[in-house]
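The values are calculated or read from the model by the stated rules, or taken from the named source; none is laboratory data. For clarity, every value in this text was computed on a predicted model and none was experimentally measured. Cβ coordinates were reconstructed from backbone atoms using ideal geometry, including for glycine residues, and neighbour counts include every protein chain displayed.
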Amino acid sequence: MDLDKILPVGHAEKVPVGLLDFDTNNPRFTPDKEPASSSDDDIVIQLAKSADLAELVQSISTSGYINIEPLIVIERAGRFAVLEGNRRLAAVKVLRNDDLAARAKLTLPPMDKSKRASLDDLLCYRVATEADARDLIGFKHINGPQGWDAFAKARFAARWLDDEHSRPGGMTLADIAGRMGDQHMTIHRMVTALFVLEQAERNEVYEVEDRKKKSFSFSHLYTGLAYDEFTTYLGMERPDRSTDPQRNPIPTNNFPQLQKLLIWLYGSKDRDIQPVVKSQNPDLNRLREVLGSKVATKVLEERGSLEEAVVAGTPLSMRFEEHLIAANAELQH
């Protein structure tokens, strides 16, 4: 099949749905939102759980598919992979397939024939490389109306940065952040944390899949790494937003500390260890206080209790004063 005749590079034309595939490398598929496999069924099931697919299905069934904003596609293995618009493609595939809708636990509203015909061919714009689509996708999902979660943003920006590093004179992360509308360089903290996680996984220090909870609170790590107490404990340099993050920021001899920190943040399924950070507020700040005290840190390392560590790191005079204040309040009550 000659895809160039159906849709040349740099053009927008309607393409039969049967030629469109999901992007299995979609940054949206984060550790807690990853499909069970790369099959259409599992991708649609996952998007139904995590991307408000039911709302879009309802909208399209009422008005039909409106070809205003094209899907962005690229040629892969003789077909078109959708780089931007996977959620819309999922909604269309569900509306065209009752069995798929049932497996995704989506209720299909009635749809008349004229509107159903709009599901056959979707407006697509073809790019030659993924880089050609990054500006639009980045702006839309980083600070635009359809923002991804923090881990997806970090993964997208890191892939872009790797591509820029592969050629002379490529953009810096600051340049990429500007292109994505990130005026506060929040993406720098996210990518730094992602590189820490990837270093831990490459060196078999910690696996994200080993986390105790199904949910994955990436913000615990990228927020923590903004504090001196966390970076000092890990032996890493303070993140400098004027330079690109290091790919291997943690010294090898600090891997034991890295493992402990990630277990404190996310727990361990294999070891049956619950995370000590139950919620970012107040536990992350309490962990920060503990890491600022050698005595408290030692207690946390040996006992695994954040409460005991906080007590150990609080001066006796302050603890006594806190108890007096609490007792006085009770007496007044």
| If you check TYR65 against the conditions, is it more than 28 Å from GLN183 (Cα to Cα) and part of a loop (DSSP other than H, G, I, E, B)? | yes
| query | How about the stretch 178-205: which of its residues are part of a helix (DSSP H, G or I), of a type in the set (A, V, I, L, M) and more than 16 Å from the chain's Cα centre (by Cα)? | reply | ALA200
| query | Which helices (runs of 4 or more DSSP H) does the stretch 106-169 wholly contain that include 1 or more residues that are β-branched (Val, Ile, Thr) and more than 17 Å from LEU89 (Cα to Cα)? | reply | 134-142
| note | Residues of the stretch 233-291 being of a type in the set (Ser, Thr, Tyr), modelled with pLDDT of 95 or more and under 21 Å from the mean Cα position of the chain (by Cα), in sequence order, are TYR266, SER268
| Which numbered condition GLN259 fails, given (1) in contact with a Phe, Trp or Tyr (Cβ under 8 Å, 6 or more places away or on another chain); (2) surrounded by fewer than 17 Cβ atoms within 10 Å (Cβ to Cβ); (3) part of a loop (DSSP other than H, G, I, E, B) | (3)
| task | Within the stretch 1-30, track down each residue that is assigned to a loop (DSSP other than H, G, I, E, B) and among the aliphatic types (A, V, I, L, M). | result | MET1, LEU7, VAL9
| field | Options LYS140, LYS93: the member that is basic (Lys, Arg) and assigned by TED's automatic domain parsing to the domain that holds LEU53 | value | LYS93
| field | LEU265, sole failed condition from (1) farther than 23 Å from ARG155 by Cβ; (2) free of Cβ contacts under 8 Å to residues at least 60 places away in the same chain; (3) not basic (Lys, Arg) | value | (1)
| note | Scanning the stretch 31-53 residue by residue, those touching a helix residue (DSSP H, G or I) at 6+ places or on another chain (Cβ under 8 Å), in a helix (DSSP H, G or I) and closer than 19 Å to ASP149 by Cα turn out to be ILE43, VAL44, ILE45, LEU47, ALA48, LEU53
| query | If you check every pair at least six apart or on different chains, which have Cβ atoms under 6 Å apart with a residue in the stretch 226-254 that is outside the structural domain of ALA193 (by TED's automatic domain parsing) and surrounded by 13 or more Cβ atoms within 10 Å (Cβ to Cβ) first and a residue that is charged (D, E, K, R) and in a loop (DSSP other than H, G, I, E, B) second? | reply | none
